[in-house]
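The values are calculated or read from the model by the stated rules, or taken from the named source; none is laboratory data. All of these numbers come straight from a predicted model, not from anything done at the bench. Note that we place each Cβ from the backbone using ideal geometry, even for glycine, and neighbour counts take in every protein chain shown.
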């Protein structure tokens with residue numbers, strides 16, 4: 001239900017609450033029938049166009065809500081990469097590719113922390129890695145191995161071609177933090 005429908009439903013519900021309150025008050029004897037008689041006479045005489053317009057608006061809104069209750073909403077498809085296979089379509093979500101990439105990155109010696117983002121562009125699929133390192137492994141070797149391992153792992157498991165693996169080294173983990181993390185793991 002979109003914002004417009006919610007707004008109309010709120011106004012519609014409010015109007016029905018007021019009409020229900022008036023009907024309860026009239027049928028329980030709290031209000032005299034003489035209070036409503038001039039309005040009923042006007043409505044039944046057909047001389048007041050406002051009543052007709054309000055009745056038509058209520059009918060249209062009621063029909064809109066009635067038929068919208070039968071509409072099937074489209075299921076929201078998660079973002080991902082769709083591949084056509086011999087037996088049908090295969091949809092691999094970005095979260096799946098991200099998980100595979102993170103697992104591969106954690107296996108590389110020297111990587112301490114990692115955050116992954118996956119983008120699917122027309123130019124190809126891109127994996128962006130933000131890592132923290134231990135500070136003992138040379139960065140050129142570590143990043144090159146990281147890029148290659150992540151690319152190979154994702155392509156091997158998911159069957160998705162990765163055009164680029166970008167690495168951003170965000171920090172060097174402190175030795176005491178590394179020792180504490182190693183004991184916890």
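Does residue 124 satisfy being touching a residue at least 12 places away in the same chain (Cβ under 8 Å), surrounded by fewer than 17 Cβ atoms within 10 Å (Cβ to Cβ) and closer than 19 Å to residue 170 by Cα? For residue 124, the condition - touching a residue at least 12 places away in the same chain (Cβ under 8 Å), surrounded by fewer than 17 Cβ atoms within 10 Å (Cβ to Cβ) and closer than 19 Å to residue 170 by Cα - is not met.
Any residue that is in contact with a helix residue (DSSP H, G or I) (Cβ under 6 Å, 6 or more places away or on another chain), under 30 Å from residue 126 (Cα atoms) and touching a residue at least 12 places away in the same chain (Cβ under 8 Å) - is there at least one of those in segment 71-86? Checking segment 71-86: at least one residue is in contact with a helix residue (DSSP H, G or I) (Cβ under 6 Å, 6 or more places away or on another chain), under 30 Å from residue 126 (Cα atoms) and touching a residue at least 12 places away in the same chain (Cβ under 8 Å). When 86, 149 are screened for being over 21 Å from the mean Cα position of the chain (by Cα), in the same structural domain as residue 171 (by TED's automatic domain parsing) and farther than 15 Å from residue 167 by Cα, only 86 passes. Quick check on segment 156-185: of everything there that is under 26 Å from residue 84 (Cα atoms) and either in contact with a strand residue (DSSP E or B) (Cβ under 6 Å, 6 or more places away or on another chain) or crowded, with 17+ Cβ neighbours inside 10 Å (or both), which residue is modelled with the lowest pLDDT? Restricting to residues being under 26 Å from residue 84 (Cα atoms) and either in contact with a strand residue (DSSP E or B) (Cβ under 6 Å, 6 or more places away or on another chain) or crowded, with 17+ Cβ neighbours inside 10 Å (or both), the top hit is 160.
Every listed requirement among (1) in a loop (DSSP other than H, G, I, E, B); (2) over 30 Å from residue 149 (Cβ atoms); (3) at pLDDT 80 or above is met by residue 61 save one, (1).
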